[in-house]
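First the structure, in the form of structure tokens, and then the observations on it.
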Amino acid sequence: MKIFVVDDEPAVIQDLKRVLSKMKWKIFSADNYKDSMTLLTHEKFDVIICDHYFPCEKTDHQGLDIVRAIRKKGVTTPVLILTGCDTDKITPWEALDVGVDDFVRKPYHPAEIIARIKALSRRAFPLDNNSTNVLSHKGLSVDLDKKDVSIDNKKIHLSGTLFLILTTFLKNIGRFLSYEDLIKEIWGESALYEKETNNTLRVHISYLRSALGKKYGAHIKTVHGRGFIYENE
């Protein structure tokens, strides 16, 4: 697996290289916006790890600036944001809006960051030998090989997390999916014990509804306090 790390602190980059190289992953890095954009738009990586805050002449939210810029250029690689700030300083909807897929707080535990990278990779490249190559519901179509989503033959962009949520719904049309079902499928069982996971899931669902538009977003029904159902009709 190829991992790209963006952080202005050499110590953080070296620590991540030390931790991740034990998994036999190839680690690449940059410590500024310009070099990051050059590499990210010319090389293909499996996961991007990006610091939320580091100095920039334009804004303190440099990590989100990079994510926003690469999404505009069509880069769909999953992004894991490193943050040392409180949750009220980086809201899930702010990050999701620009294309972030997951978060890890500093100081991080090596096992946690490895687990989250693996989860992001599974979301981007799901392995399901029992699945067909295309999932569909009326005019909504998902190509599992190409990771393409189209509505009435028009392609739409979804982040890796939203893609996984949608495919989970389409594999379970008409079936109730609890918060626990979806969280385990998207982030793994360990995420069940994290305080903000239910709220983060609800934000993702809100963004998925918006991305699908009224016609198909309306098929995702909320079962208050329990979970969701993607209804056939």
Of all DSSP beta bridges in the chain, what percent run antiparallel (nearest 5)?
50 percent
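Could you please report the charge total around residue 222, scoring K, R as +1 and D, E as -1 over all other residues with beta-carbon less than 12 angstrom from its beta-carbon?
So the surrounding residues net to +3.
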Phi to ³J(HN,Hα) by Karplus 6.51 cos²θ - 1.76 cosθ + 1.60 over the range 38-50, Hz, x for Gly, Pro
4, 5, 5, 9, 10, 10, 9, 10, 8, 8, 10, 10, 10
Could you calculate the FRET efficiency of residue 43 with residue 111 from 1/(1 + (r/R0)^6), where r is the beta carbon distance between them and R0 is 22 Å, rounded to 0.05?
0.20
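Stretched out fully, how many nm does the piece from residue 155 to residue 24 gain, at 0.36 nm a residue minus the Cα gap?
43.6 nm
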Output wanted: per-residue J couplings in Hz (rounded whole) for the range 221-227, from phi through Karplus 6.51 cos²θ - 1.76 cosθ + 1.60, θ = phi - 60°, x for Gly and Pro.
9, 8, 9, 3, x, 10, x
Report, in listed order, any pair from 146/214; 26/72; 118/184; 138/215; 146/215; 73/154 with a Cα-Cα distance greater than 20 Å.
146/214; 26/72; 146/215
Within a Cβ distance under 13 Å of residue 4, other residues only, what is the Lys/Arg minus Asp/Glu net charge?
-2
Counting only residues 5 or more places away or on other chains, whose amide H sits under 5 Å from the amide H of residue 76 once H atoms are built in the peptide plane?
none
5 angstrom amide H check on residue 49, placed H, neighbours 5+ away:
4, 5, 6, 80
Mind listing the long-range amide H neighbours of residue 102? Cut-off is under 5 Å, sequence gap 5 or more, other chains count too, H placed in the peptide plane at 1.01 Å from N.
79, 81
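Mind giving me the FRET efficiency for residue 118 and residue 214? R0 is 45 Å, r the Cβ-Cβ distance, nearest 0.05 is fine.
Given R0 = 45 Å and the Cβ-Cβ separation, E is 0.80.
Rule-based calculations on the coordinates, nothing more; no lab input. Bear in mind that the values here come from a model prediction, so they are computed numbers and not experimental data. A quick note on method: Cβ atoms are made from the backbone with ideal geometry, for glycine too, and the neighbour counts reach across all protein chains shown.
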